[in-house]
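Asker: Input: one structure, supplied below.
The numbers here are math on the coordinates, done by the rules we state, and not lab data. What you see is a predicted model, and the numbers here were worked out from it, not measured in a lab. Here the Cβ is made from the backbone with ideal geometry for all residues, glycine too, and neighbour counts use every protein chain on show.
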Amino acid sequence: MAVVNSMEGIVEVALKELLKEDPECCTCENCMNDMMCLALNALPPKYVSSERGALFSKINNAMAQQRSIDVRVACINALEFVKSHPHHNIS
């Protein structure tokens, strides 16, 4: 397994949940990538290099209430910013 930031998967899941609550937000590839980048840049990375490390990181993140709140806040901020400043071609 390559070295990966396990926060990517956590942020992706959190964003998808938030987008269910806000159907007006654009979910095109550019906007999704912008939301992911903004949220990930606001959070500390959690790098892993094995499946075991990835699983441990997911369990650790699920159990840490403050980290869960931090992820949600970062995702909400990213969603609101991209919603008001979309980065796509409007036809």
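Asker: Please sort 16-26, 40-50, 69-79, 2-12 by packing, taking for each peptide the average over its residues of neighbouring beta carbons within 10 angstrom, highest first. Walk me through the numbers before you get to the answer.
Answerer: On the way: 16-26: 12.4, 40-50: 14.0, 69-79: 18.3, 2-12: 16.3.
Ranking, from highest mean packing down: 69-79, 2-12, 40-50, 16-26.
Asker: Any aspartates and glutamates with Cα under 13 Å of the LYS46 Cα? List them, leaving off those in the same chain fewer than 8 positions away.
Answerer: Here the aspartates and glutamates satisfying the reach criterion relative to LYS46 are GLU8.
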